[in-house]
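See structure below.
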Amino acid sequence: MELNKYVAEVFQSIDRMDASKFASFITPEGCFRYANNPAIEGNKAIETFVGGLFQSLKGISHSNLESWQASEAIFVNGTVSYLRHNDTKLAVPFSCTWKMLNGSIDEYLIFVDSSELFQQ
């Protein structure tokens, strides 16, 4: 697995708001936690949650990506820009930790302050 290519593919699936493709990067029993929300287990449940998040947005994009790998963990920092349905934007820094298992993400942890996202 080439790190930068893999990271780019994961974030392309998010920026295209393709919940099915995104979930395909996660192991069947994988775990996903977005910000302060409870963890979700299983890639089908993750696909449903992420699909709902995508529906609540008009668009999403990631930039300034930096990634590192240490043993079975990948770390990604950058900026996420959310586009709300009323065409207002929110851009905030984020950090992700991916715990890998056999070439797939087994634990996907997103650290982001999205508290302003739905305040309008």
Q) Of [x] 111, 49, 13; [y] 41, 29, 23; [z] 48, 43, 18, which is the value of Cα extents along the principal axes in Å derived from the coordinates here? A) [y]
Q) Across the stretch 85-96, in residue order, what do the Karplus-derived ³J(HN,Hα) couplings come to in whole Hz, using 6.51 cos²θ - 1.76 cosθ + 1.60 with θ = phi - 60° and x for Gly and Pro? A) 5, 8, 6, 8, 10, 9, 10, 9, x, 9, 9, 10
**Q.** Label-zone membership for the stretch 29-50, site SER95, 7 angstrom Cα→C-beta point, backbone N under 14 Å
**A.** 35
Q. Nearest 10 degrees, 0 to 90: what angle lies between the long axis of helix 3-15 and the longest principal axis of the chain (Cα atoms)?
A. 30 degrees
**Q.** Where a label projected 7 Å from the Cα of HIS85 along Cα→Cβ would reach, residues of the stretch 91-120 with amide N under 11 Å
**A.** none
Q. When the Cα centres of the stretch 1-78 and the stretch 94-120 are compared, how far apart do they sit, in Å?
A. 7 Å
Q | Spin-label proximity, ASN64 to the stretch 78-94 - amide N less than 12 Å from point 7 Å beyond Cα toward beta carbon | A | 78-81, 91-94
Q. If you roll a 1.4 Å probe over the heavy atoms of the protein chains, what accessible area per residue do you get for the chain, in Å²?
A. 54 Å²
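The values are calculated or read from the model by the stated rules, or taken from the named source; none is laboratory data. Predicted model, so just to flag it, every value in this text is computed and none were measured. For neighbour counting, all protein chains shown are included, and Cβ atoms are generated from backbone atoms with ideal geometry for every residue, glycine included. To get the accessible areas, we keep the full protein, side chains included, count just its heavy atoms, and leave off ligands, DNA and RNA. Shrake-Rupley method; radii C 1.70, N 1.55, O 1.52, S 1.80 Å.
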